[in-house]
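The values are calculated or read from the model by the stated rules, or taken from the named source; none is laboratory data. Since the structure is predicted, the reported quantities are computational estimates derived from the model, not experimental observations. With ideal geometry, Cβ positions are generated from the backbone for all residues, glycine too; neighbour counts draw on all protein chains shown.
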Amino acid sequence: MAVQTIGHAPASSSHKGMSPLRRREAINGYVAILPWFLGFLIFTAGPMVYSAWLTFNSWELITPPRWVGLANFRFLLEDQLFRTALWNTFIYTVVSVPLQLLIALGVALLLNLNIRGTNLYRSLIFLPSQTPVVASAMLWFFIFSPTQGLANAGIGLFGIPPQRWLWDVNLVKPALIAIAVWAFGGAMIIFLAGLQDIPQSLYEAADLDGATPFSKLLNITVPLLTPTIFFNLVIGLIGAFQVFTPVYLMTGGGPGTSSMMMGLLIYRHGFEEFNMGYASLLAWVLFLIVITLTIIQFSLARRWVYYEGDRD
Amino acid sequence: MDTHVSPEVKNLQGQRPLMQDHAADDTTARSRSLVVPRKRRAVVVHLILFAVAAVSLLPLLYMVSTSLKARGREFAYPIEWIPNPAVWRNYLTAVETVEAMTFFANTMIVTTLTLVGGILTASLAAYGFARTRFPGRDFLFMLMLSSLMLPYMVTLIPQFVLFRELGWINTLYPLIVPAFFGGAPFYIFLLRQFFRGLPTDLEDAAKLDGAGFFRIWWTVAMPLAGPALATVAILSILHHWNDFIAPLVYLHTRDNWTLALGIRLFRDQYQVLFNLTMAYAVMMTVPVFTVFFAFQKYFVRGITISGMGGR
């Protein structure tokens, strides 16, 4: 949509060639976006360039930055903790996001049937996703108590002995994933909005054909929902790859390094050990991974995302 | 009834060709036969939704219930869902044992000022993008959109360096000042879409009356943008109320802390005091839920468009 507006702007118009009225308009426009643009330069673009430079430096904040060439890069290649963090973040992302979306989609489809009480269900199911992240982190920290928390009480009903959850190398990642999945309400709300955009006439037409609910789901709902699924997937992956607060508050990356994530590793290097150069490099690696994943998704999208008549 | 089905739908169906005659004859019989299964289906759907709602809410109920337990009773088994006695005093104790009022004041300062700065500068930029033409506009707009995808962690370290140079570490400035430079790219995007959708009649009339661009923005466009501004306001408030990492990085002494940082403080030398922690968590959560139920429409719209839910 944004691309289309290019047509409005006069191609390569210079200030000189403008009428006074147009020049006035252009000046107004520049002034209007100036606060944002300055902010972009000062708080985004400038820092990005600066942190790119920092990746070639060693800097502990006390003494001035010292140029070390590729030393940070060499360290990165041998850094076992980086590999662990990358792997953990990857596992966390590729399990939690699809699981979250699957449940969100399923519940959204049920809510979209508009049975009585739908509004209440929707509101209640949405609440976990809006619980402040620090509150939910402390809550789940308590739920996953190795003694008698809610989680152990729950599995106790099925005769399963108490587990150590966040203190168990094998269970800490599934536990963190479960917490993320619990907050599926945001994705669900987005799916509901997408479902409401599907023209009712398609279903009515399909009804006349005697289509079964399942074939309507498969042939109308899912194809027309693919843009929404795509949106949720992109947003979800970007978000999950940056996970920080729950890990910081609940596990600190442990036990051992079994829940060390990229976000936490960057924080540790940057703000606990003050290896600003190496932390910048890690942040850039995270950025490049997120960008690559997003680009891959956009290029795969052509194969499965259905844009209705390519309207625009 | 019109039995015509457009070719697209047939394609979507992707199935055997229509049997129109048969379908028409069959209509009454089919609708009758559907009555019973539909009711049964509703029951099944109710059951599933009820189960999902229960699983969603159980942890939150556990939070409330724990917040009312006497110290040492948090782990009592079987779980006391309705604590007896209910220690309402935990809420007061939680506020008193940490500097909760200070945290609250700081959070309010940050939330309010970022709201004002964000709304003003984001709507101005959005109005500029929506209603003026200038060389480079579309490039700049794309640039802004692409910055949406930037992980927060990437700019955090160099921004920290910047604010350190400015002497702003352990002040609220790093949390507040950036909001006065366009709020967040997403707010600009959302408001720009809204302004573009507005009919231009009123603005044209104001222009004829001799009003300038900025006057029209402030007196004509902004009053019309109520719903969009409400959506942005909710997103902004939520973000700053919930934000943990920026306060963690910038605020070092407790007199500057925000509410989110304070939640870790409830512990004695052995363990976390979960009843007080949960009371504090409830106090942080209730305002969010209240805003949700009071302004559900704008709230949902904000989450829908931004995709911020759950993170």
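Summary table
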read-out: Region A:84-138 - residue that is in a loop (DSSP other than H, G, I, E, B) and without any contact (Cβ under 8 Å) to a residue 60 or more places away in the chain and, of those, farthest from the other protein chains (Cβ to nearest Cβ); value: A:114
read-out: Some residue of region B:142-158 being more than 8 Å from chain A (Cβ to nearest Cβ) and under 25 Å from residue A:244 (Cβ atoms); value: yes
read-out: Check on residue A:238, within 29 Å of residue A:135 (Cβ to Cβ) and of a type in the set (Val, Ile, Thr); value: yes
read-out: Filter result for residue B:103 (at pLDDT 90 or above, within 12 Å of another protein chain (Cβ to nearest Cβ) and either buried (at least 16 other Cβ atoms within 10 Å of the Cβ) or in a loop (DSSP other than H, G, I, E, B) (or both)); value: yes
read-out: Some residue of region A:144-156 being crowded, with 21+ Cβ neighbours inside 10 Å, of a type in the set (A, V, I, L, M, F, W, C) and not in a helix (DSSP H, G or I); value: yes
read-out: Filter pass, residue A:66 being without any contact (Cβ under 8 Å) to a residue 12 or more places away in the chain, charged (D, E, K, R) and in the same structural domain as residue A:287 (by TED's automatic domain parsing); value: no
read-out: Residue within region A:64-85 that is closer than 30 Å to residue B:56 by Cα, modelled with pLDDT of 95 or more and exposed (fewer than 15 other Cβ atoms within 10 Å of the Cβ) present; value: no
read-out: Unique match (being more than 10 Å from every other protein chain (Cβ to nearest Cβ) and farther than 28 Å from residue B:185 by Cα) among B:229, B:235, B:251, B:276; value: B:276
read-out: Test for residue A:205: is it in a helix (DSSP H, G or I) and under 30 Å from residue A:135 (Cα atoms); value: no
read-out: Residues of region A:69-83 satisfying the condition of being without any contact (Cβ under 8 Å) to a residue 60 or more places away in the chain and under 26 Å from residue A:236 (Cβ atoms); value: A:83
read-out: Those residues of region B:119-141 which are more than 26 Å from the chain's Cα centre (by Cα) and more than 7 Å from chain A (Cβ to nearest Cβ), in sequence order; value: B:131, B:136, B:139
read-out: All positions within region A:191-219 that are aromatic (Phe, Trp, Tyr) and either farther than 28 Å from residue A:100 by Cα or touching a residue at least 24 places away in the same chain (Cβ under 8 Å) (or both); value: A:191
read-out: Residue ranges of helices (runs of 4 or more DSSP H) in region B:108-185 with at least 3 members within 25 Å of residue B:203 (Cα to Cα) and in contact with a helix residue (DSSP H, G or I) (Cβ under 8 Å, 6 or more places away or on another chain); value: B:137-146
read-out: Among (1) closer than 20 Å to residue A:103 by Cβ; (2) at the interface with another protein chain (Cβ under 10 Å from one of its Cβ atoms) - the single one residue A:229 does not satisfy; value: (2)
